[in-house]
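The values are calculated or read from the model by the stated rules, or taken from the named source; none is laboratory data. Since the structure is predicted, the reported quantities are computational estimates derived from the model, not experimental observations. Cβ sites come from the backbone with ideal geometry, for glycine too, and all protein chains shown count toward neighbours. Accessible surface areas use protein heavy atoms only, side chains included; no ligands, DNA or RNA. Shrake-Rupley method; radii C 1.70, N 1.55, O 1.52, S 1.80 Å.
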Amino acid sequence: MRKSTALGFALCGTLLVILLFIAGRMLYIKFYHQSFTDIAGKGVQASLMLSENDTSLPAVTDEKQIASYTDLLGGYTYTPYPHFFQPGDDKLTANRLTVTFENGSSISVNADGFVFVDGKLRGIEGGRGQEFYHKLYILFYPNAT
């Protein structure tokens, strides 16, 4: 009788810990977010560093181009990745466009629509990652349209 009671308590305790972890993760996803000003900092950007995969592109210093990048990137709210399990490396290594700000923070998006803030996998509100990638691609390469 004692062994079965101890086993029952152990299983209930384990299930409770798992449920608390799941509830905590769901609350974290629901309430934690980063706005664009949290990432890029306050103030006007004088230049933006662009890169595609590991290839650096010329820095953007034109005020109008910087404004178009900040308008696009500022239009999204960056949330923790909303799923418990991350996708495989084959999905995360797709073509990635990165915008790096003067404070060293960066926002990246890959061709599969996964968003990265400072190299960490994030989500965006509404889950429109592929749409975000296409808009950023058009800013990177305006002659591609």
From Asp54, Asp38, grab the single residue that is among the charged types (D, E, K, R) and within 14 Å of Phe101 (Cβ to Cβ).
Asp38
Of everything in region 63-103, what is within 16 Å of Ile138 (Cβ to Cβ) and of a type in the set (Asp, Glu)? Give them in sequence order.
Asp71
Report those strands (runs of 3 or more DSSP E) wholly inside region 1-95 carrying at least 3 residues which are open to solvent by 60 Å² or more (accessible area, probe 1.4 Å) and more than 21 Å from Ile124 (Cα to Cα).
55-60
Can you pull out the residues in region 116-137 that are modelled with pLDDT under 85, exposed (fewer than 14 other Cβ atoms within 10 Å of the Cβ) and of a type in the set (D, E, K, R)?
Glu125
Here the qualifying pairs (Cβ atoms under 9 Å; residues six or more apart or on different chains; first in region 85-112 and on the phi > 0 side of the Ramachandran plot; second surrounded by 13 or more Cβ atoms within 10 Å (Cβ to Cβ)) come out as Gly104/Asp118
Pairs returned, first residue in region 5-34 that is at pLDDT below 85, second residue that is surrounded by 10 or more Cβ atoms within 10 Å (Cβ to Cβ) and not in a helix (DSSP H, G or I), beta-carbon separation under 6 angstrom, 6 or more apart or interchain, are Ile29/Pro80; Ile29/Pro82; Tyr32/Pro80; His33/Thr77; His33/Thr79; Gln34/Tyr78
Please enumerate the residues belonging to region 73-113 that are closer than 18 Å to His134 by Cβ, out of contact with any strand residue (DSSP E or B) (no Cβ under 6 Å at 6 or more places or on another chain) and hydrophobic (A, V, I, L, M, F, W, C).
Ala111
Working only within region 102-115, note down all residues that are open to solvent by less than 10 Å² (accessible area, probe 1.4 Å) and not polar (S, T, N, Q).
Ile107, Val109, Val115
